[in-house]
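Structure, as structure tokens:
The values are calculated or read from the model by the stated rules, or taken from the named source; none is laboratory data. Being a predicted model, the structure only gives us computed values, none of them experimental. Ideal geometry is used to build each Cβ from the backbone, glycine not excepted, and the neighbour counts take in all protein chains shown. Ligands, DNA and RNA are excluded from the accessible area calculation, which covers all protein heavy atoms including side chains. Shrake-Rupley method; radii C 1.70, N 1.55, O 1.52, S 1.80 Å.
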Amino acid sequence: MVIAVPLAGSDLRGHSFGTKAFIQGPASMTTTPSLRQAVYWSGLRQEIYNALSLQQAPDFDMSSLNSYFSPLGPDAGDCAWANQAIAHCADVLVFCFGQAHRSAIVHAELKAQNQQWNETRPDSFDPYFVGDEVEVGTTFPDIRFRCAWHGMYM
């Protein structure tokens, strides 16, 4: 997957402050736990975009993501599989741009997680259409998925 982001410009991360306040604020700020969860995943996706464009680690508390790296069963819905892929992406960005020591062991673990996800994901993540191959660097390939959360649009 190639994501084109501008390398110049500024982003004051205003969304980040609001998202953090919403997630870490008092329970009365949300009407249901599912709303809080939706805001969390939306905020994490925004942080992933910023991390790519600013080439720095996501500025988001990701300690709660550790549970997303456990194997998902056949009853897990597509949303859970998509969230696991997003959590993995955030972890990779922390590895690439974070301050922690990078090691071959951590790289191998991330690569194994990626391979495990790809091998065990539901068939619903297979594209229903893949266009003709294109020359690298000229245009994006035409790949179509069944649901919006199976791909990432930026």
Within the set of pairs 6 or more residues apart or between chains, which connect a residue that is within 14 Å of residue 86 (Cα to Cα) and assigned to a helix (DSSP H, G or I) inside segment 48-63 to a residue that is of a type in the set (Val, Ile, Thr) and open to solvent by less than 40 Å² (accessible area, probe 1.4 Å) with Cβ atoms less than 6 Å apart?
-> 52/5
Any chance you could count how many residues in segment 105-137 are out of contact with any strand residue (DSSP E or B) (no Cβ under 7 Å at 6 or more places or on another chain) and loosely packed, with under 10 Cβ neighbours inside 10 Å?
-> 8
Applying the selection to segment 80-104, what residues are more than 16 Å from residue 38 (Cα to Cα) and open to solvent by less than 30 Å² (accessible area, probe 1.4 Å)?
-> 88, 90, 93, 98
Would you check if residue 23 is surrounded by 17 or more Cβ atoms within 10 Å (Cβ to Cβ), of a type in the set (A, V, I, L, M, F, W, C) and modelled with pLDDT under 85?
-> yes
Scanning segment 138-148 for residues that are surrounded by 11 or more Cβ atoms within 10 Å (Cβ to Cβ) and not β-branched (Val, Ile, Thr) gives 141, 142, 144, 145, 146, 147
